[in-house]
Structures are given as C-alpha cells and as structure tokens.
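See below for the structure under consideration.
The values are calculated or read from the model by the stated rules, or taken from the named source; none is laboratory data. Predicted, not measured: the structure shown is a model, and the values here were computed from it. Cβ coordinates were reconstructed from backbone atoms using ideal geometry, including for glycine residues, and neighbour counts include every protein chain displayed. Calculation scope for accessible area: heavy atoms of the full protein, side chains included, ligands and nucleic acids excluded. Shrake-Rupley method; radii C 1.70, N 1.55, O 1.52, S 1.80 Å.
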Amino acid sequence: MEGGAMRGLFTAGITDVFMENGIEFDGGIGTSAGAAFGCNYKSRQIGRAFRYNRDYCDDKRYVSLSSLLKTGNLYSNEFCYHEIPKNLDKFDFNTFNENPMEFYITCTNIETGLAVHHKHDRDTDDLNTFLEWIRASCAMPMVEQIVEIDGLKLLDGGVADSVPIRYFEEIGYDRNVVILTQPLTYVKKKINYGAAAKAMYHKYPKLTEAMLDRHERYNEIYSYIREKELSGELLVIRPDESLNIKISNKPSELQRVYDTGRRKGLMELKRVQEFLG
C-alpha cells in the first residue's frame, strides 16, 4: 500500500470494500499513509481510517502550522498517535495482534538513506511501540521530527521505498495485490529541497541524497510494477486520474477521495477474488 498523505484515503476505500466482502491476506505492507491507514485491515476496523481523518482534519490539534511551530511536527504527536488511537477513535490493538495476518511498516533510516521494513511482533511490540513505528513511517522530512526506535533514527518511508513490493517478493510473498495512489501516466518530478534540507540534515548526508534522487527510485518502481502487472504476476489497483489532494482540512475532499477508492474497490472486487483464488 503506497502512501501519499490524504491520497491514502483512496486505499482506505478499497480496503474497506475488501473487508466488507471477506477478502483476507496472509500479509500486508505499507509506507507512510499506506501503513497508518492500512493497519486497520489487520485490526478489522472498517471505516476507521476515513472516520478519524474526516472528524479531525480541521482540528488544530491534528494538523496545523501552530503545531509545527510549537513542536516541530506538522501532525501533532500527542493528538494523532496517542489521543485519537487510545481514546477518541480507539485502535483495536487486541484484534490487530490476534489476526494472523503479518504486517510490515516501511520507514527510512536517515543515517543510511535506506529502507527499514519493520514486521510487527506481537510478543515485543506493545501499543506505544507500534504507534511509534507508524509515526516514523509518516514523519515527512522538514516538517516532522526524527523518530528514534531501538537505536534507529527514522523518517518517512516514502523517501527510501514508496511502494515496497520488491521487499515483499523477496521475503516470499508471490501473489500480491498492489494499491497505488497515482494514475498510470504519473511521472514523479525531482524536488529541489535546496539549502534548507542540507542545513537541517547536515549530519545525515545519506538522507539528503535519498531525498534528492527519490524521484528516480519512484519512477523505476512504478515501471517495475507495470511490467509485473502486464505479465500477470501482480494485480494492481490505481486511480484512473490524479486524486488532486495532499493535506486537506475539508471533510468533503476527504469524502471524495475515499468514495473514489470505494468505487474502484467495488469495480475490482471480482478480479481480486479470481486473482487470489
């Protein structure tokens, strides 16, 4: 499951349709929003990813410039990764742990510039640890603080591995459904982060290198996925056109993207069932 901030609600619409129709997987892997929203598949919480984004998207405690200025995080650590999942819209961690589906979270190691694919371990990862891994996967450079877990310094998984299909194949998953959040014709352009990124991350040159050539890896993995799709080795679901959303405080826009995902999920349902056998 690819990330992409609120583009991830397209994925949430699809996965909700899958859950409603009893489609189960042996494993799932997500990057950034793909992990933050996709984990609700394993906890079997239909509608939760859309619901809490809709309910709190215009709440300054959720995402705001004031949070960025006060805490160094555009998305509030305390509100997003503690108050919501523990109190306001509870994440069902018990069901998540009991579900045998394996779940992997993709982050970027800022000291190496390489991806870290963390498999949730029910014996060692408590709820706080799990939420920290999700936070790390979503921590966008420049607007989120570095997250440290088990001696690793981590940021947004999309920097190193936007769509971690190769890793999933390497560990043995051979019949994969890939959910992308950009249309077939999309080509990512280079982002010039300028001197600010080098100044902010001067201790981590591998990270700045990864940020500057991210577009090359992104376009290459999209090409790889397309080749595998045409050969029938992967089933790929993507939007028909650009979703035209990043970060939004408008519930109507979130509803539009989520509904687009639901429609696509219903359209692809039979094909997915046949592909999975």
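Out of region 1-72, which GluC sites (Glu not before Pro) are coil in DSSP terms and have no more than 14 other C-beta atoms within 10 Å?
GLU24
Apply 1/(1 + (r/R0)^6) to the Cβ-Cβ distance of HIS202 and ILE171, taking R0 = 41 Å, and write down the FRET efficiency to the nearest 0.05.
Computed FRET efficiency for HIS202 and ILE171: 0.75.
Which whole-Hz ³J(HN,Hα) couplings does region 127-138 yield from phi under the Karplus relation 6.51 cos²θ - 1.76 cosθ + 1.60, θ = phi - 60°, glycine and proline marked x?
4, 4, 5, 4, 5, 5, 5, 5, 4, 5, 4, 9
Taking every pair of alpha-carbon atoms in region 111-227, give the share separated by more than 23 Å as a whole percent.
The proportion of pairs with Cα distances above 23 Å equals 37 percent.
How are the C-alpha pair distances of region 91-150 spread across 5 Å bins, as whole percents from the shortest bin up?
In whole percents, the pair-distance histogram is 4, 17, 29, 24, 14, 8, 5, 0.
For region 1-51, what percent of Cα pairs sit more than 16 Å apart?
27 percent
Would you compute the Debye intensity of region 1-94 from its alpha-carbon atoms alone, equal scatterers and no solvent, and pass along log10 I(q)/I(0) at q = 0.22 Å⁻¹ to two decimals?
-1.16
Per residue, how big is the convex hull of region 173-277 when only Cα atoms are used? Give it in Å³.
142 Å³
Could you run the Karplus curve 6.51 cos²θ - 1.76 cosθ + 1.60 with θ = phi - 60° over region 69-79 and give me ³J(HN,Hα) per residue in whole Hz, x for Gly and Pro?
Listing the rounded values in order: 5, 7, 10, x, 10, 4, 9, 4, 4, 5, 6 Hz.
Semi-axes of the equivalent ellipsoid of the chain: what are they in whole Å, largest first, if each equals the square root of 5 times a C-alpha gyration tensor eigenvalue?
Computed over the chain, the values are 26, 22, 19 Å.
Taking amide hydrogens as modeled 1.01 Å from N in the peptide plane, which residues meet the under 5 Å criterion relative to VAL178, leaving out close sequence neighbours?
Answer set, sorted by chain and number: LEU235, VAL236, ILE237.
How much of the accessible area of region 26-157, in percent, comes from carbon and sulfur atoms when a 1.4 Å probe is used?
For region 26-157, the apolar C and S fraction of the accessible surface comes to 47 percent.
Restricting the calculation to Cα positions, tell me the Rg (one decimal) and the Dmax (whole number) of region 227-277 in Å.
Radius of gyration, then largest Cα-Cα span, for region 227-277: 13.9, 40 Å.
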